[in-house]
Amino acid sequence: MGETDKWNEAAKYASLMNMVDIVVYILCIGLAWWALQAFRFDVLLKNPKGAQAIMLQILLSIGLGHLVASFFIQYLGLSLGFGKMF
């Protein structure tokens, strides 16, 4: 196996992991949005149907989804790295 083949294989692996990361982020943000729909924003907000309330839900979904996705992506990376130790 030549040097170029090793770099091509590494690039393919990195591309695959990047695609997995994107899918995990999108799924976790969607899951966070779905979960936040159960929260009663009408109790806390002046105008729960307004644009600001919707933007708050979007930002909360992105923030919460990012945290959850980061956890799973880091766990996946550590798990794959742990397998190469032995």
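All conditions in (1) in a helix (DSSP H, G or I); (2) touching an Asp or Glu at 6+ places or on another chain (Cβ under 9 Å) hold for Y13, with the sole exception of (2). Screening I54 against (1) over 26 Å from Y13 (Cα atoms); (2) touching a Phe, Trp or Tyr at 6+ places or on another chain (Cβ under 9 Å); (3) assigned to a helix (DSSP H, G or I) leaves a single unmet condition, (2). Annotation note: of F71, F39, F82, the sole residue that is among the aromatic types (F, W, Y) and outside any helix (DSSP H, G or I) is F39. Only one entry of L64, L60, L45 meets the criterion of being surrounded by 13 or more Cβ atoms within 10 Å (Cβ to Cβ), not in a helix (DSSP H, G or I) and not β-branched (V, I, T), and that entry is L45.
Beta carbons closer than 8 Å, at least 6 apart along the sequence or on distinct chains, pair a first residue in the range 68-86 that is among the aromatic types (F, W, Y) with a second that is surrounded by 11 or more Cβ atoms within 10 Å (Cβ to Cβ) for F72/V24; F72/C28.
Given the condition out of contact with any Ser or Thr (no Cβ under 7 Å at 6 or more places or on another chain), over 19 Å from L80 (Cβ atoms) and in a helix (DSSP H, G or I), answer yes or no: does some residue in the range 16-26 qualify? Spell out the reasoning first.
So in the range 16-26, the residues out of contact with any Ser or Thr (no Cβ under 7 Å at 6 or more places or on another chain) come out as 16-26.
With the extra rule that they be over 19 Å from L80 (Cβ atoms), the set shrinks to 26.
Adding the requirement that they be in a helix (DSSP H, G or I) leaves 26.
The answer is yes; a qualifying residue exists.
If you filter the range 48-57 down to residues that are under 22 Å from L27 (Cβ atoms) and touching a residue at least 12 places away in the same chain (Cβ under 8 Å), you find that the one that is surrounded by the fewest Cβ atoms within 10 Å (Cβ to Cβ) is L56.
Only the coordinates and a few stated rules stand behind these numbers; no lab work does. What you see is a predicted model, and the numbers here were worked out from it, not measured in a lab. When we count neighbours, we look across all protein chains shown, and the Cβ atoms used for this are built from the backbone with ideal geometry, even at glycine.
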